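Worksheet: one structure, shown below.
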Amino acid sequence: MPGTRKLGKTTDQRMAMLRQQVTDLLEMGRMETTITRAKEIGPLAEKMITLGKKQGLANYRAALSFITREDVAKKLFDEIAPKYAERNGGYTRITRIGPRRGDAAEMAVIELV
């Protein structure tokens, strides 16, 4: 289970949102979201990259059970994870970009390092 932030959603809604955002982050390499969501996405994305580094069918299926699209899981194991083979964690970076126009929510960019 991710951190303790509820993000104003029920458990199933929150997990569906986090799964989709992790999938989008792995596909595009960076995304803009609120700081609290970025802090929840980071550890989940790092766990998926760690699974990709270990290779193997069981790890692929474990990643596929969380990632919502098979092509992104394939990209994770074939392209993203080998890039971080020599790195022991710290695969994501969160950068604050100021308040959002409209509701003044603190925004951040989360990206793969």
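Bear in mind that the values in this text are calculations on the coordinates, not laboratory data. Treat the numbers as computed from the prediction; the structure is a model and nothing was measured. Glycine gets a Cβ as well: all are built from the backbone with ideal geometry, and neighbour counts include every protein chain shown.
Brief remarks follow.
- Applying 0.36 nm per residue to the separation of GLU79 and ALA16 and subtracting their alpha-carbon distance, the gain on full extension is 20.2 nm.
- Each Cα pair under 8 Å and six or more residues apart adds its sequence gap; the mean of these over the residue count of the chain is a relative contact order of 32 percent.
- Neighbourhood charge, 14 Å Cβ-Cβ cut-off, centred on GLU70 and excluding it, Lys, Arg +1 and Asp, Glu -1: +2
- Charged neighbours of MET107, selected by a Cβ distance under 14 Å, balance to +2 (K, R count +1; D, E count -1).
- Structure-based [θ]222 nm, the chain - -39500 (n - 2.57) summed over DSSP H runs of at least 4, per residue, nearest 500: -15500 deg cm²/dmol
- Each residue, GLU27 and ARG5, gets one label point 7 Å from its Cα in the Cβ direction; the gap between the two is 2.2 nm.
- Counted charge near TYR84, where neighbours are those whose Cβ lies closer than 15 Å (Asp, Glu -1; Lys, Arg +1): +2
- Total lysine pairs under 19 Å (Cα atoms) in the chain, excluding pairs fewer than 8 apart on one chain: 14
- Spin-label model, THR50/VAL113: points 7 Å from Cα along the beta carbon direction are separated by 1.5 nm.
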